Structure formats: C-alpha cells, structure tokens
Amino acid sequence: MAFGWIDEQAEQRRSAGLVRTLRPRPADTPLLDLASNDYLGLARHPEVTEGAARAARTWGGGATGSRLVTGTTELHAELEHELADFCGFEAALVFSSGYAANLAAVTALAPHGSLVVSDAGNHASLIDGCRLARGVTQVVAHRDPDSVRKALDGHEGPAVAVSDTVFSVDGDAAPLVALAEACREHGAGLVLDDAHGLGVLGDGGRGAPHAAGVAGADDVVVTVTLSKSLGSQGGAVLGPARVIGHLVNAARTFIFDTGLAPAAAGAALAALRLLRREPGRAARAGAVARELHTRLTAAGLEAVRPDAAVVSVRAPSPEQAVRWAADCRAAGLSVGCFRPPSVPDGISRLRLTARADLSGAEIERAVRVIGDTRP
Ligand code: PMP
C-alpha cells in the first residue's frame, strides 16, 4: 500500500509516547506563556498590530509575487534599510521566513568546491542549508573555534563557517570573536544565525554580532528572523552590499519564493522602531531569563545558565519531559518541550522563554509550577 511505511513509523512514535500534536491556541488564553518566542512581548503590541493592519490596507493581503517581479514594495525597502542600519550592516534582504533566509545564505555562499564548517548544535534550517549547498559540509564540535580552524586548515577554494549565535535548544552562546578570528586567518566567511540574539543581546537589542564587534565586517553575514523578538513573521540576511547583491541574483529561496507579506513587513518595521525608542526591553528579557535560571536552580532543578532569553531545564527522559510539559499546562503554564528527534544529543528538556513583559509574580508562579510538577 502506498505510504504503508508511514503507519509503521506512527506506531513506533505512539509506543514511545512521542507523537506530536497541534493544539490551536485561542485568542484569549488563561495560560502563562513561557513557550512562545515573543521575547519582547511585542507580537500583540498595538503599534505592531496597527503596523500590520496599515500595511495590509495599503499594500494588500499578500506580496502578489516574487521579490524580483511584483513582491518588493516600498515597505520592504524601508524595512531592509532600517534593519541593516539598526544591526550595523551595510545592507539587508528580507525573506518570507528565517528558515528561507538561512537556506539562502548557506546555499548561495557555498558553491561547488567549497567547504562549509557547521557547528554540531546548529538549527535545522542551517543544517538544511548545508544539505542543499553544492559545497562539502564538515560538522565540528559545538562552540569550538579550534575545530573550525582545524577543518579550514589546508582547504583550497571558498570556505564558510556557519553557527547560531544563541543555540535554540539550550540558549548557550557561540564564541563569536574567536570564530571570526579563526575564519579570518583562513580567508573564510562567517555566517551567523542571530534568530535568538536580535532584540535581546547587544546595545538596545542590536544582536549578538553587534555586541561582539563583528557586525558590519566584510567577511561576516548574519541571518535573523522577524518572528521572535520583533513579534512578526519573516527573516532577513544582513551583510556587505556585494553579498546581498549576490543573494538577489543567486539565492533560490529569494528568487522563487513569494515576497514577505506586507502585513508582516509592517509589523516588523513597527516593532523595530519601538525597540529603538524603548531599548530597555532588550535588557529586561535577558534579566528575566537570568532570574528564571537563578530561581529554578535554587529550587533544585538542573537548568542551563542562559546567555540570552532561552532557559533550558533538563528532564530525566523523553516520556517524562512530555508528561512534565503536560502537567505544567494543566497547572496553567505553557512551556516548550524538546525531545528526540528534535534534540540529537538524546537529552530531553523543558524549554522556557523569558519575555521582557513577565512580572516578578509571574516568574515566581512559573518556577513554582515547574517545581511542583517535576517528575
Ligand atoms: N534559526 C533559529 C536558530 C531558529 O530558532 C528559528 C526558528 N525556530 C529559525 C532559524 C527559523 O526562523 P523562522 O521561524 O522565521 O523561519
């Protein structure tokens, strides 16, 4: 039977208690949210939703075509200009998602005969970029510039190292200065995914590359998502104008994809302007994460010290992680749950995300629920 093998896989998932299910979220939920990536609490900010509504009224419900045909509005150009300026880069290119931005950056910068050096903890979208790229990929140890150096040693031809700035599972940060040095020694480029750094790290939320002093360098390219701290949807690649020009001409997820919806561009632009006006939001998200970590540790839970807004709490087994998250939910708290195959190291966790708008009482309640429901 066609697709018969799917049923076997489904049965394996069922018996392991690891079936993924979709749970539609009502507009008004009584749950305390420590699961979304809305780090700055901007997704429902009136200026952001109005930015989306105004853009839809002006430009329509969709972009109407690919960026090179009809899908580039003046709003896209404005967003690209302001994003590049905010993060300290010469130019930016907006995509329909951060996933598409990562596929674009890696594939367009790793031609035939090139070497891609990829951190073992990288996000799935960077991994898929490596899989699609024409170059050869070498996976190296997590957060290890010496491994990057070794991999680059002796390679002839174009080379690029790719890394998350803040890793999405444990919330730990990459050593950006050392990575940039390793790449520079070998004449290699560096592609950094700042999905979890933008809006949280750096001066007023300008991101991890800005904080590390590598933003704007002619051998550094950064990808971001508009869907986390900016409370919208979409992604972008930031870098030297000549790299961005290359992506316009060579990146398939730019050329063959419909442009970002105007509403998403309008929401992201409103969020970016708000962040410029209220830079304290970025530092607050980090402070909430650290407070969560301190309180969790004090309660005897094993949590990774957060470098940005993601706080990871170890669970004893995949099944217990799934049940722990469900018990939190039943007690009014929404948390993320990462277990195999989402975590290749086999270690399951609850994944908490700090938000700048969480109150002290909410942080306390969250920690109490997590402690009370621990397996
Ligand atoms: N990179 C990282 C590190 C991410 O966590 C995500 C989102 N989960 C993405 C890229 C993809 O971004 P988007 O959701 O905008 O496609």
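Things worth noting here:
- Compared with the direct C-alpha span, the chain from Asp28 to Ala120 gains 29.3 nm at full extension, assuming 0.36 nm per residue.
- When all alpha carbon pairs of the chain are counted in 20 Å bins from zero, the resulting P(r) reads 29, 57, 14 %.
- Relative contact order (percent, whole number), the stretch 112-195, Cα cutoff 8 Å, 6+ residue spacing: 32 percent
- Each label was represented as a point 7 Å from its Cα along the Cα-to-Cβ direction; for Arg242 and Asp128 these points are 3.1 nm apart.
- FRET efficiency, His112 to Ala283 (Cβ-Cβ, R0 35 Å, nearest 0.05): 0.20
- Exposed-site-free run, longest, the chain (rule: chymotrypsin sites (Phe, Trp or Tyr not before Pro); DSSP loop; at most 14 other C-beta within 10 Å): 4-255
- For the chain, the 222 nm mean residue ellipticity estimated from helices alone, with every DSSP H stretch of n ≥ 4 adding -39500 (n - 2.57) and the total spread over all residues, rounds to -13000 deg cm²/dmol.
- Put in order of Cβ neighbour count within 10 Å, fewest first, the listed residues Lys150, Lys228 become Lys150, Lys228.
- Thr258/Glu364 FRET efficiency (R0 45 Å; Cβ-Cβ; nearest 0.05): 0.50
- Label sites at Ser36 and Asp146, each approximated as a point 7 angstrom past Cα along Cα to Cβ, lie 4.4 nm apart.
- Highest GNM mean-square fluctuation among Ala268, Ala195, Ala91, for the chain modelled with Cα contacts below 10 Å: Ala91.
- Mean sequence separation of contacting Cα pairs (under 8 Å, at least six apart), scaled by the length of the stretch 46-277, corresponds to a relative contact order of 31 percent.
- Within a Gaussian network of the chain (alpha carbon springs, distance under 10 Å), most fluctuating of Arg284, Arg14, Arg131: Arg14
- A full extension of the chain between Arg44 and Met1 corresponds to an added length of 10.8 nm, given 0.36 nm per residue minus the alpha carbon distance.
- Thr64 paired with Asp85, simple spin-label distance in nm, labels 7 Å along Cα-to-beta-carbon: 2.6 nm
- For the pair Arg273 and Arg323, the difference between a 0.36 nm per residue extended length and the Cα-Cα distance amounts to 14.0 nm.
We did not get these values from a lab; they are worked out from the coordinates using the rules stated. Computed from a predicted structure; not experimentally measured. Cβ atoms come from the backbone with ideal geometry, glycine included; neighbour counts cover every protein chain shown.
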